[in-house]
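Structure record follows, encoded as structure tokens.
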Amino acid sequence: MLTLRTQNTSLNSMSPNWKSLFFLLLLQLFKLCFSKSQPFTSSSSNSDLQFPCKPPHYSSYPFCNTSLPITTRAQSLISLLTLREKIQQLSNNASAIPRLGIPPYEWWSESLHGIATNGPGVSFNGTIPSATSFPQVIVTAAAFNRTLWSLIGSAIAVEARAMYNLGQAGLTFWAPNINIFRDPRWGRGQETPGEDPMVASAYAIEFVKGFQGGNWGIRHDGFGERRVLEGHDGGSDDGLMLSACCKHFTAYDLDLWRNFSRYSFNAVSMGFLLVHRRISWTKLGMSGASKDISPQTVMLWPQSMSIRITLKVLKMQLLMFLKQLFVGTDINCGTFLFRHTLSTIKQGKVQEEDIDKALLNLFSVQLRLGLFDGDPRNGQFGSLGPKDVCTSEHKTLALEATRQGIVLLKNDKKFLPLEKGVDFSLAVIGPLANNASLLGGGYTGIPCSSKGLFEGLQEYTKRALYAAGCLDVPCKSRAGFREAIHTVKMADIVVIVVGLDLTQEREDHDRVSLLLPGKQMALVSSVAAASKEPVILVLTGGGPLDVTFAKEDPRIASILWIGYPGESGGRALAEVLFGDFNPGGRLPMTWYPESFTNIPMNDMNMRADPSKGYPGRTYRFYTGSRLYGFGDGLSYSKFTYNIVSAPKNLRLSRPLKVDSSRNILHQAGDTLDYLHIDEVTSCDSLRFFVEITVTNIGDMDGGHTVMLFSRMTKVVKGAPKQQLIGFNRVHTGSYKSTATSILVDPCTHFSFANDYGEWILPLGDHKLMVGDIEHIVSIEIN
């Protein structure tokens, strides 16, 4: 299920040097993502909440002394434990230590886009029966709004702490999911911020900071179309409001496709890990310099280590867990370590000191959460309770997240927005239009209050009609077509809602087709043919859909993607259709044609290989045709750009030592074609800001995402076609301009990994692109 994992990497195929690099990389990455801790215990009631250091019998231990440093307290606790007691702490369901007054501890709670029912750490059977359900992550990512992401993390944290105080949730949560949405068929792509590693890292940084308490005490106005939050240091100590665990480790983007399972196949080479998955983790790691990001506890599922090579599965599992203890894996989601660690110690494969290192991380996180400071309800967050869950502020934030994430993909002849105040009849068709429970997506809890899409549209027109058309989302028959067509003929305007739900894409279920399920396409075409006017098509689901037929059909005037919009989907869609909100979402993933499904999903390669007819994956490397591209999205307004300031030349001092035998691009005269990044000693001095002016030349105010890309002017083997440097969401009034700036780090944004996994910086011209505006920056050596 979820957590950081190295699940599909074939270690036997690695050279010794690659193995060393692999474990060093893991060590750095694992120190980033927070651990998971749960309340003592989530199953307890408000009146008998269990916690360590209860007076008078258990409060005198040194680990209960709040005046001591966290590390000292954690080491003191470890020193008091027997070996068996230590091993019993390595499971997500950590055992009690009665002689020290430490109750059992459940580490596993979920909060991907709101407090979820998945995992044993959360219960809605109590004083708090529901929690705010934000849109699925892929929708929130489409807003490209860092402040919004941070505020959502903060809101979820407040509700989680409130539920913890009532014994209904933990304090350690397995979120966010920052895997790359590499293949459009992946059932869990909906949980991710999309296909770009830089966006994934930016999302993780903002969500984690907000979730762990970085915004606690901050007042804000608006929802971050400008960064308007007042400055706040997130607290004066090293404490945590909650603890987040970024998941999963790299190369996880296949669940169950044909005969391939996420638990058992060899997915990628070591070079792939370094070349394609480096950015999101290293960016998150660099953010660890902030006090809001602290060392994490890492969890791994034993099933993910079942690598079928020459060794027996159990032997490989033991070997992998041995290595995991050395590189920073601290806890096992399951009972594998509980069952096998003692025997490996007796065999001399693991030392007790290795376990102590893991426990130091685990207990340090618990201590930072205040779990050894006495009754946590008397602490900083102890006053949070039912009044802080499903608040009007959180519901408004959920609505705003959905508004900003809706993507307008087609709008012929400015068919939208619909005119308000005009008396017209509206037909809403589709199996997803009148069932709010289908719009939450994976890892959803019990929402505060859900409003279906039809219900939301009814608030804007008195004459609204509904017909399902299909009996359900799989839509295996035309049984409801006749009723739908009859309903359409009575209406002036028609909205068709089709797409995906969790019957089509979810954990342990990948798609085999990118087309609309069953006979949904036939329903859309039949309804469009029967309608008096061109129709509006609304698409749901997390994965891309091949709706080429609709894009090319003049009878379909507008297409919108709403993903899984959460509890506010009905209202948000209505506001967009009727012009109360100007859509500004942009796709965080490429929409491929159906022919892409001919590519085996278990082929994890990102780069195109023309010799094999392989087109590559994601906008950075894909060379084939596409329906819609990464970053696509329309508005009711039109925006233009102007690059106000950016350098034309960057000069480097010649490196002291160059191993020319390692160069692939070779030398031209006295000028090197490229430098290895580790040869560049002045990366910081190369950074510069690109100043950009955005002008709204439309009649409506609106939010808009400025996206700055880089591209090499020469075609170089292995280099991305283009890659995102940065983005800012800005709000710009009608016929007004807004200034913004984006930082460019050439050592990061102009470099790429060669075939040897070495990061290189090509010299010469590099192209910056924002919209249709281009600017050349040349890197030269003195």
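The values are calculated or read from the model by the stated rules, or taken from the named source; none is laboratory data. Note that the structure is a prediction, hence the values are computed from the model and not measured. Please note: Cβ atoms are built from the backbone with ideal geometry, for glycine as well, and neighbour counts cover all protein chains shown. Calculation scope for accessible area: heavy atoms of the full protein, side chains included, ligands and nucleic acids excluded. Shrake-Rupley method; radii C 1.70, N 1.55, O 1.52, S 1.80 Å.
Within the stretch 432-490, which GluC sites (Glu not before Pro) sit in a loop by DSSP and count at most 16 neighbouring Cβ atoms inside 10 Å? Don't skip to the end; give the middle numbers.
Values: sites: Glu455, Glu459, Glu483; in loops: Glu459.
Counting only loop positions with at most 16 other Cβ atoms within 10 Å, the GluC sites (Glu not before Pro) in the stretch 432-490 are Glu459.
Greater than 24 Å separation of Cα atoms is the criterion. Which listed pairs, Lys420/Lys451; Lys209/Lys451; Lys247/Lys346, meet it? Show your work: numbers first, answer last.
Numbers: Lys420/Lys451 21 Å; Lys209/Lys451 30 Å; Lys247/Lys346 32 Å.
Those over the limit are Lys209/Lys451; Lys247/Lys346.
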Here the gain from full extension of Ser76 to Glu594, 0.36 nm per residue of separation minus their alpha-carbon distance, amounts to 180.6 nm
If N is the residue count of the stretch 677-749, its Cα Rg over 2.2 N^0.38 Å rounds to 1.42
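Per residue, how much accessible surface does the stretch 547-600 expose to a 1.4 Å probe? Answer in Å², no decimals.
24 Å²
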Contact order relative to length for the stretch 703-750, counting C-alpha pairs under 8 Å separated by 6 or more residues, stands in percent at 41 percent
Averaged per residue, the 1.4 Å probe accessible area of the stretch 705-752, protein heavy atoms only, in Å², is roughly 39 Å²
With every protein chain kept in place and a 1.4 Å probe, the stretch 55-207 has an accessible area per residue in Å² of 24 Å²
The answer for the net charge of residues other than Arg555 whose Cβ lies under 11 angstrom from its Cβ, with Lys and Arg +1 and Asp and Glu -1, is -3
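What is the sum of charges around Ser383, taking Lys and Arg as +1, Asp and Glu as -1, for the other residues whose C-beta is under 13 Å from the C-beta of Ser383? Please report the intermediate quantities before stating the final value.
Working: positive: Arg161, Arg377, Lys387; negative: Asp375, Asp388.
So the environment of Ser383 carries a net charge of +1.
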Probe 1.4 Å, all chains present, heavy atoms only: Thr623 accessible area in Å², nearest 10, is 80 Å²
Here the equivalent ellipsoid of the stretch 512-582, derived from its Cα gyration tensor, has semi-axes (largest first, whole Å) of 21, 18, 10
Of every hundred units of 1.4 Å-probe accessible area on the stretch 432-543, the number belonging to carbon and sulfur atoms, as a percent, is 52 percent
Placing each pseudo-label 7 Å from Cα in the direction of the beta carbon, Glu393 and Ser60 end up separated by a distance in nanometres of 4.3 nm
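Taking R0 as 45 Å, what FRET efficiency do you get between Ala529 and Ile697 from their Cβ-Cβ distance, rounded to the nearest 0.05?
0.80
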Share (percent) of C-alpha pair distances in the stretch 572-622 greater than 13 Å works out to 68 percent
Output ordering of 391-400, 606-615 (per-residue mean of other Cβ within 10 Å, highest first) is 391-400, 606-615
